[in-house]
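Undergrad: Have a look at this one.
The values are calculated or read from the model by the stated rules, or taken from the named source; none is laboratory data. Not measured: the values here are computed from a predicted model. Backbone-built Cβ (ideal geometry, glycine too); neighbour counts: all protein chains shown. Side chains are part of the model used for accessible areas, which takes the heavy atoms of the whole protein and leaves out ligands, DNA and RNA. Shrake-Rupley method; radii C 1.70, N 1.55, O 1.52, S 1.80 Å.
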Amino acid sequence: MLWHVFFIAAKWTKNSLLPQRSGLLDCSTQTPLPDYYLSKIWTKLMGSGVLGTVVLDGPRTVRAYAHCAADDTRDVVVLLLNLAEKAIEIDLVVGSNTIKAARTEWHFTAGEDGLGGTGVRLGGKELVWVPGQALPPMEGVSKEPSNPVRLAQHSIVFVRLPGVAPVGLC
């Protein structure tokens, strides 16, 4: 069964993704923690224009947030959180139209040390910072329009949808 995410073209006040208690760096090793990587990708993708979202027909464990893209295009970036113990698939819908366009996705899950650990994976690959070097690349994966978005258990997924914002909204 596919769950639907419906975007309401309305702007709202921006809220922070990261909880206040979260650290960005491990104080003893100075290595980036998962929230650091998420804040970097948030800044790269999510603009200041906030769009209303509604999760239709889905479990209570799915959260959805949508923003205009940070680069001032008509792109919309959706942040999806799956808090459930199992993977799910969703369709993205704007108005009454299911989005059937190519998109780019970034799938973040816990690292090999699990949910309580300090590691994070992007697309199944552990992000490892080597002291003295740049951060590992955080490139998204292009997806075909016919595929629903698959959310792994306990995952955070950013989805960039090109050109779907109504003219003048973003």
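Undergrad: For region 56-71, how many residues are in a strand (DSSP E or B) and either out of contact with any Leu (no Cβ under 9 Å at 6 or more places or on another chain) or more than 21 Å from residue 169 (Cβ to Cβ) (or both)?
TA: Looking only at that region, the number is 3.
Undergrad: Please count how many residues of region 42-83 are under 20 Å from residue 99 (Cα atoms), small (Gly, Ala, Ser) and surrounded by fewer than 18 Cβ atoms within 10 Å (Cβ to Cβ).
TA: 1
Undergrad: For region 102-123, state whether one or more residues are open to solvent by 20 Å² or more (accessible area, probe 1.4 Å) and more than 28 Å from residue 24 (Cβ to Cβ).
TA: yes
Undergrad: Could you check region 135-163 and list, in sequence order, the residues that are of a type outside the set (D, E, K, R), out of contact with any helix residue (DSSP H, G or I) (no Cβ under 9 Å at 6 or more places or on another chain) and surrounded by fewer than 19 Cβ atoms within 10 Å (Cβ to Cβ)?
TA: 137, 141, 142, 145, 146, 147, 148, 152, 153, 154, 162, 163
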